[in-house]
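Structure first, then comments.
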Amino acid sequence: MSSAPSVLTATRRTETGKAVAHLRKAGKVPAVVFGHGLESIPLSLDAHEFDLLRRTVHSNSIISLVIDGKDKQRVLVRGIQIDPRHRHLLHVDLFALKSGEEVTVDIPVHTTGESYAVARLGGMLLHNLDHVRVRALPEKLPESFEVPIDSLMEIDAALHLRDLTLPEGVTLLADLDEVVVKVVAPHVVEEPVAPVEIPVAEAAPAAEDAKGSSEN
């Protein structure tokens, strides 16, 4: 389950369009918080604070947003724009969560443990999925799904989405027969075998012997 929400502070902003350029120069990043049935609110975040925060949370992590030191909202980070050249933060989209309203998010999938087929039989572990989409109330969202691979004892053994342990209140939005991980046979590259050539000098005497035999 999700842990206590991380806290992010923000201030309302009136600057829009090109006028936000000076915010970035001052170490701020423009943002907007929006939600179903809610009016969008333009915000200004501390760029350094947000950069530290986004390194420690997942896309489905609930964040406690404090606006102007008083208004609090639970939000998810729904979008981040970054300057591809300088890697600077350009804009942040925050989605406001509504009490009692389910949300749809992608949850990371991680493997744990050790597979006998991989460790002892030389198999290769194929990761078919690295995330899975679910629907749940915000407080029910797991940080990730942990998939133990200890049961994979043979080559071609696999785990499917139906093998995941879902927390109460979480609905999986995918085909339950979809493969999460599978052990496949190692890819063996065969070395080409060079043809054996018999030197002419060694073959000649045999030819002469054959000729002599026919004359006798």
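Read-outs: derived from the displayed coordinates by stated rules, not from any lab. Quick caveat: nothing in here was measured; it's all calculated off a predicted structure. Here the Cβ positions follow ideal geometry from the backbone for every residue, glycine too, while neighbour counts run over all protein chains shown.
Would you calculate the separation in nanometres between label points at Asp71 and Glu143, each defined as 7 Å from the Cα along the Cα-to-beta-carbon direction?
3.0 nm
Sequence-distant or interchain residues sharing an amide H contact under 5 Å with Glu114, placed H: which?
The answer is Ile149, Asp150.
For the range 97-159, take the alpha-carbon Rg, divide it by the Kirkwood Rh, and send me Rg/Rh.
1.16
Enumerate the calculated ³J(HN,Hα) couplings along the range 125-132 in order (Karplus 6.51 cos²θ - 1.76 cosθ + 1.60, θ = phi - 60°), each rounded to whole Hz, writing x wherever the residue is Gly or Pro.
8, 9, 8, 8, 10, 10, 7, 9
Using each residue's phi in the range 154-159, evaluate 6.51 cos²θ - 1.76 cosθ + 1.60 at θ = phi - 60° and report the 3J(HN,Hα) Karplus result to the nearest Hz, with x for Gly and Pro.
For the range 154-159, the Karplus curve yields 9, 4, 6, 5, 9, 10 Hz.
Hey, can you grab everything whose amide H is under 5 Å from the amide H of Gly123? Only 5+ residues off in sequence or another chain; H modelled, so Pro and N-termini drop out.
Amide H neighbours of Gly123: Val118.
When N is the residue count of the range 32-77, what does its C-alpha Rg come to as a fraction of 2.2 N^0.38 Å?
The reported ratio for this selection is 1.17.
Note down the relative contact order for the range 103-184 as a percent, whole number, built from C-alpha pairs under 8 angstrom at least six residues apart.
Value for the range 103-184: 40 percent.
Mind computing the radius of gyration and Dmax over the alpha-carbon atoms of the range 6-96? Å is fine for both.
Final numbers for Rg and Dmax: 12.3, 36 Å.
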